[in-house]
Amino acid sequence: MRAHTALHLLSVVLPYPVTGGSVGDAEGRLDFDSGDAAVEKIVVERRLNELIAVDAAVSQRWITDQELEANPALVKTMAVKPPMGTGRVRLVAIEGLDLQPCGGTHVARTGEIGRASVTQIEKKGKLNRRVRIALAGA
Ligand SMILES: [Zn+2]
């Protein structure tokens, strides 16, 4: 839950289309189509921890498939489509920071994530960056 919620915040720090990702107990990664943008480990890590420290509330609500289709900008992940087809989609909001469809499990407040480190930023092709994070206390 902590690592998964941290990846939501990582997608706020790096506002680029997400092309892939995975999550474990206390670590995770996202692949971004960041184009020519500079993605620097120290900068990403500092910003990520700033967002964790805001201790923003995480909440969820349901919208219909039609509402989601009317708001395609909500979908950041190109590779992983939100679960649709049941008529409704769960939207997860991190107060003031992030709003996206998600079926995962989350902590109640970002402060519960604790300290996060950016362990690696890898080039995956010309436009893609793979960003790995790890949480303290694992
Ligand atoms: Zn989520």
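Data overview
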| quantity | calculated |
| --- | --- |
| Only one of LEU68, LEU30, LEU10 that is touching a strand residue (DSSP E or B) at 6+ places or on another chain (Cβ under 9 Å), over 21 Å from GLY114 (Cα atoms) and among the aliphatic types (A, V, I, L, M) | LEU68 |
| Counted residues, region 4-56 - those being part of a strand (DSSP E or B) and either of a type outside the set (Asp, Glu) or over 18 Å from LYS124 (Cβ atoms) (or both) | 10 |
| Residue check for ASP55: among the acidic types (Asp, Glu), more than 11 Å from the ligand (Cβ to nearest atom), surrounded by fewer than 17 Cβ atoms within 10 Å (Cβ to Cβ) and under 18 Å from THR119 (Cα atoms) | no |
| Lone qualifier among GLU95, GLU67 - being away from the ligand (no atom under 16 Å from the Cβ), without any contact (Cβ under 8 Å) to a residue 40 or more places away in the chain, among the charged types (D, E, K, R) and exposed (fewer than 15 other Cβ atoms within 10 Å of the Cβ) | GLU67 |
| Count of region 97-138 residues which are assigned to a loop (DSSP other than H, G, I, E, B) and over 14 Å from the mean Cα position of the chain (by Cα) | 10 |
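None of the figures in this text is laboratory data; all of them are computed from the coordinates on show. Here the structure is a predicted model, which is why all the values come from computation and not from measurement. Cβ: placed from backbone, ideal geometry, glycine included. Neighbour counts: every protein chain shown.
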